[in-house]
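Colleague: Pasting in a structure now, in structure tokens, and then I'll have a few things to ask.
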Amino acid sequence: MMRLRVIALAFFLARPDAAFADSLSAYSWATSQADGVSRVAWSAEQVSAFLESIMHPDDAISVGDFRFADLLGDGHLELVATIDYSGRTFFNHVLVVRRNGPAMFAVQQIKAFDVRSLDGRIVDVDGDGRQELVLPEALTPYLSGPVPQVRWVAIYRWTGTVYEDSSRSFTAYYSTSILPALRAALDHAKQSGDTQLLALTQLELDKAVRMSGASTEYGIDTARSLASSDDPNLRIWAACAFADIGTSATIEPLARLTADADRSVAAYAAAARNEAAAARCSRANISVISGGPLHVVNLRSKRPIRVAISSEPWRKGGSLRDTVTFGSSGFEQSLISCNDDWKERRCHFRISDTDLQESDGVVTLRAKLNDGSCVVGHDSVQVVDVPPGDDADEDVEAGRRSPRE
């Protein structure tokens, strides 16, 4: 799940003394500055210390690789870093850090899979002057040490608020940049005689072919073959492939795997079905209309969070208002009420039930519609925890920040 963390560092930045002189925050992040942050030879340990100072994570951060890049082509640098929280060099997260002002950094966290290097991961895929993030992700779950995971390449595009998975918009990239290497890998796997390697490589190729714009059911025969395997790990892989394909032809074979005699297979199959269903929800445009220009949410405020939702999804599917959930993950039961204005639906949510924390910076809304479909929307926020003023709108006041530097 994508998460954006926005943290105010007014005290930290107000004292640029020797203790903080070597911090990334003491330098300009503008590309026009000759002595800016990208001109310094930072170590991975210094970047880790900086990230910990603005994120306050429960676990220590280990940085694998990092880059400064003007991702959006706007003259301002972003920091992109691969992150491990486990202490075992599993770099399964990528952070994108933007400086939004002298006292604020925005951090988006993207779940990835074993990103040890950023070489070839920051690419202007469509030539529009903005950089996409080309990141490996796992198609199958972690099962045990010797069992590899099927992976694929996802493409994240800037939406104006956050980076979101927009892989299906880049079919040509899969055809020209991904498929040739996978076809060569499959030829090698066939010659090796390794059953597991052959299955893994075939599943990776099948996924890339689907992403290239070919038939949405491409690879269903592979999944059917693996579903009849005596190896429970291969049956789990089959369940993940069926769930990812997600057509009517996969419903029955996936249901059989959710009732597999092996409890692990049944559990993983059910999880794959649920995750795939959530991933296929239509996108809804939402906007937090509380808290001024930065959408500030004060955890101590007695006011509800007000959210405007595009009417487009509701016109086709029809809304069941009691299914609207909203908060940190989007599954929180925080709804107070929604109006019935079809031009722009507005809903109110209880802050105390959103599971938001001070370091969070993205909110998610989910809803099921009458036609059985679902929608999901994201917006950036700044979550603060400050005593509310007596008569001032503390949310708006907290949202007044200086522009990016």
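The values are calculated or read from the model by the stated rules, or taken from the named source; none is laboratory data. Keep in mind the model is a prediction, meaning the values are calculated, not measured. For neighbour counting, all protein chains shown are included, and Cβ atoms are generated from backbone atoms with ideal geometry for every residue, glycine included. The accessibility values were calculated without ligands, DNA or RNA, using every heavy atom of the protein model including side chains. Shrake-Rupley method; radii C 1.70, N 1.55, O 1.52, S 1.80 Å.
Colleague: For residue 184 and residue 114 in the same chain, what is the full-extension length gain: residue separation times 0.36 nm, less their Cα-Cα distance, in nm?
Modeller: So the extension gain works out to 23.0 nm.
Colleague: Can I ask one more? If you line up the long axis of helix 195-211 against the longest principal axis of the chain, both from Cα atoms, how many degrees apart are they, to the nearest 10?
Modeller: Roughly 60 degrees, rounded to the nearest 10.
Colleague: A further question follows. If each residue of separation counts as 0.36 nm, what is the full-extension length gain between residue 355 and residue 89 once their alpha-carbon separation is subtracted?
Modeller: Roughly 92.8 nm would be gained on extension.
Colleague: Between residue 26 and residue 252, what is the label-to-label distance in nm when each label sits 7 Å out along the Cα-to-Cβ direction?
Modeller: Placing both labels 7 Å beyond Cα along the Cβ direction yields 6.9 nm.
Colleague: So, in Å, what gap is there between the alpha-carbon centers of the range 217-261 and the range 138-194?
Modeller: 19 Å
Colleague: Separate question: Which value, in Å² rounded to 10, gives the accessible area of residue 54 with a 1.4 Å probe and all protein chains present?
Modeller: 0 Å²
Colleague: Also, quick follow-up: Go through 212, 40, 380 and say which Cα lies farthest out towards the positive end of the charge dipole of the chain; charges sit on Cβ, +1 for Lys and Arg, -1 for Asp and Glu.
Modeller: 212
Colleague: For the chain, what are Rg and Dmax over the alpha carbons, in angstrom?
Modeller: 22.9, 75
Colleague: Using only helices, what value at 222 nm comes out for the chain when you add -39,500 (n - 2.57) per DSSP H run of length 4 or more and divide by the total residues, to the nearest 500 deg cm²/dmol?
Modeller: So the calculated ellipticity at 222 nm is -8000 deg cm²/dmol.
Colleague: Testing the spin-label approximation: label points 7 Å from Cα along Cα→Cβ at residue 306 and residue 165. State their distance in nm.
Modeller: Rounded to a tenth, the inter-label distance reads 3.4 nm.
Colleague: Further question: Averaged across orientations, what area in nm² does the convex hull of the alpha carbons in the range 69-113 project?
Modeller: It is 3.8 nm².
Colleague: I've got another one for you. Can you tell me which of 162-173, 74-85 comes out highest on packing, and rank the rest after it, using the mean Cβ neighbours within 10 Å?
Modeller: Per-residue mean Cβ counts within 10 Å order the peptides as 74-85, 162-173.
Colleague: Please identify which residues in the range 129-147 have an amide N closer than 19 Å to a label point set 7 Å out from the Cα of residue 275, following the Cα→Cβ vector.
Modeller: Residues 135-147 fall inside that zone.
Colleague: How far is helix 263-279 tilted, in degrees, relative to the longest principal axis of the Cα atoms in the chain, given as a value from 0 to 90 rounded to the nearest 10?
Modeller: The helix 263-279 is inclined about 50 degrees to the chain.
Colleague: While we're here: Pairing the Cα long axis of helix 44-55 with the longest principal axis of the chain, what angle in degrees results, from 0 to 90 and rounded to the nearest 10?
Modeller: The angle comes out at about 70 degrees.
Colleague: Looking only at 282, 28, 290, which one moves most when the chain is put into a Gaussian network model with springs between Cα atoms under 10 Å?
Modeller: Most flexible of the set in this elastic network: 282.
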